[in-house]
Ligand SMILES: [Zn+2]
């Protein structure tokens, strides 16, 4: 059991609705304040066993919850350091982020969606779609981004979650069952449904679409496979795409990559 789960169990939490982050923070000696922050999303200042967490009050309530949990991750693992976290440091996939931020995100995901509460609920949703993501997000009072990242990273299905903005790929998360050689392209392909949503006036997808895997991956041989793609708009101009690797042959490790992950 991970440390965040241990803490929740010590507090006697048996339902996601009982995860009151201010109360959890209080038990760890941390107080939470909300105020407008410029240039960062949240920060923590601690001394001895007392800390003050400040969260940007202009962000959505669910975003604030993730930020508090992220700062509690710093309090757990990086005590004694002053940490100021930018929006891109908190949440989403871990592409290119400093290790301390990844560690804090991983603690946040464990605190907000602990396996002992997530598994019994998520197993009721066999298909990984944004409909499932929304149900999980509502059950755990987290953003769709946080819920989708968690479901992908816990291998709910062989899948990738990719976030794109107008200037290309921002980050992605990959399920452990997906081999590392499936690396999404930096730029959106014109054939992808996501392209029409980012650069056009297309509405959100209402359902997953089948599409050639070469619209998402530029490695040789990708054109032999199909994946399913489902895209929704999130904050700002960003879109989030769920790619499901439905062809089992795509899940086979290539001999030259076996045992490597990046
Ligand atoms: Zn941070």
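The values are calculated or read from the model by the stated rules, or taken from the named source; none is laboratory data. On a predicted model such as this, the values are computed, not experimentally measured, just so you know. Don't worry about glycine lacking a Cβ; one is built from the backbone with ideal geometry, like all the others, and counts go over all protein chains shown.
Restricting attention to region 194-222, report how many residues are crowded, with 18+ Cβ neighbours inside 10 Å, within 21 Å of the chain's Cα centre (by Cα) and farther than 15 Å from residue 234 by Cα. Qualifying residue count for the region: 3.
Here residue 124 fulfils each of the conditions (1) part of a loop (DSSP other than H, G, I, E, B); (2) under 13 Å from the mean Cα position of the chain (by Cα); (3) away from the ligand (no atom under 16 Å from the Cβ) apart from (2). So in region 79-94, with the set limited to residues that are buried (at least 16 other Cβ atoms within 10 Å of the Cβ) and in a loop (DSSP other than H, G, I, E, B), which one is farthest from the ligand (Cβ to nearest atom)? Only one residue tops the list, namely 93. Is it the case that residue 55 is more than 16 Å from the ligand (Cβ to nearest atom) and either at pLDDT 95 or above or part of a loop (DSSP other than H, G, I, E, B) (or both)? It is false that residue 55 is more than 16 Å from the ligand (Cβ to nearest atom) and either at pLDDT 95 or above or part of a loop (DSSP other than H, G, I, E, B) (or both). Take residue 238 and tell me if it is more than 16 Å from the chain's Cα centre (by Cα) and either at pLDDT 90 or above or within 28 Å of residue 142 (Cα to Cα) (or both). No; evaluated as a whole, the condition is false for this residue.
State all residues of region 34-52 that are within 11 Å of the ligand (Cβ to nearest atom) and within 21 Å of residue 2 (Cβ to Cβ); if no residue qualifies, say none. Once the filter is applied, which keeps residues that are within 11 Å of the ligand (Cβ to nearest atom) and within 21 Å of residue 2 (Cβ to Cβ), region 34-52 yields only 44.
Of the residues making up region 102-113, just one is surrounded by fewer than 23 Cβ atoms within 10 Å (Cβ to Cβ) and farther than 14 Å from residue 3 by Cβ, namely 102. A residue that is touching a residue at least 24 places away in the same chain (Cβ under 8 Å) and closer than 15 Å to residue 231 by Cα occurs somewhere in region 115-129.
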